Amino acid sequence: MTPIDLVDDLVKFITNVVREYDLATKVEGISKTPSVYAGYLPPEDDDREEEQGEEQKENLTPNDYPFVIVYFLTETTPAEKDGGDVTNIRLLVGTYSEDDQNGWRDPLNIATRIKIELKKRKIIGPYSLTDNIQIELFEEQLRPFWHAIIDLSFYIPQVQPEIDWGEGIG
């Protein structure tokens, strides 16, 4: 029951949520379901790119757009005794569209779908979603790549102190 477990559980949950999307990629005529990753995009194989030259850059790699990255931001323990720990998670949604007027719609659509499904479920493993959900589109987009972020907060189960009642009695 750690933030790492929460990230892993969210990857599984979001993979299921986005499985029906079929979005554009940088390769004309090819679309795919968004890949979902924990932490960061996997590194590209630089050696393979050098061996295959410029032609490789036109082919898809597993971490190409569209994608959703789930990563840990912070964990806080509120000062009040009754409050549980809160873990803050950020989702980065990345899509590809050459449509300068409407490209922003894909990441916002995915972000909204994830939010709706999270609000329906509220509980992911032993973690419960707080009411703090924020979706934001980047003001400056790196067209034709479009991005949105979703900030989420979850209550995580409290650690109970271990008390050895036998110690000190005697």
Scan segment 2-18 and report the pairs whose first residue is closer than 14 Å to LEU152 by Cα and whose second residue is of a type in the set (Asp, Glu) and open to solvent by 40 Å² or more (accessible area, probe 1.4 Å), with Cβ atoms within less than 7 Å and a gap of 6+ or a chain change.
-> PRO3/GLU75
Where ALA148 falls short, out of the listed (1) open to solvent by 90 Å² or more (accessible area, probe 1.4 Å); (2) closer than 20 Å to VAL36 by Cα = (1)
Might you let me know whether segment 129-137 holds any residue that is assigned to a strand (DSSP E or B), closer than 24 Å to TYR65 by Cα, open to solvent by 50 Å² or more (accessible area, probe 1.4 Å) and without any contact (Cβ under 8 Å) to a residue 24 or more places away in the chain?
-> yes
Selection status of LEU118, under 22 Å from TYR21 (Cα atoms), buried (at least 18 other Cβ atoms within 10 Å of the Cβ) and touching a Leu at 6+ places or on another chain (Cβ under 9 Å) = yes
Helices (runs of 4 or more DSSP H) enclosed by segment 1-97 - at least 2 residues per element that are closer than 30 Å to GLN160 by Cα and at pLDDT 90 or above | 3-18
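Identify all residues within segment 1-28 that are under 19 Å from VAL86 (Cβ atoms) and either of a type outside the set (D, E, K, R) or out of contact with any strand residue (DSSP E or B) (no Cβ under 7 Å at 6 or more places or on another chain) (or both); write none if there are none.
MET1, THR2, PRO3, ILE4, ASP5, LEU6, VAL7, LEU10, PHE13
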Exactly one of LYS120, LYS115 is touching a strand residue (DSSP E or B) at 6+ places or on another chain (Cβ under 8 Å) and over 16 Å from PRO66 (Cα atoms), and that residue is LYS115
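Among ARG121, ARG143, which is farther than 24 Å from ILE14 by Cα and in contact (Cβ under 8 Å) with a residue 12 or more places away in the chain?
On the way: ARG121 fails: farther than 24 Å from ILE14 by Cα.
The conditions single out ARG143.
The values are calculated or read from the model by the stated rules, or taken from the named source; none is laboratory data. What you see is a predicted model, and the numbers here were worked out from it, not measured in a lab. Don't worry about glycine lacking a Cβ; one is built from the backbone with ideal geometry, like all the others, and counts go over all protein chains shown. Ligands, DNA and RNA are stripped out before the accessible areas are found, and what is left, the full protein with its side chains, is counted by its heavy atoms. Shrake-Rupley method; radii C 1.70, N 1.55, O 1.52, S 1.80 Å.
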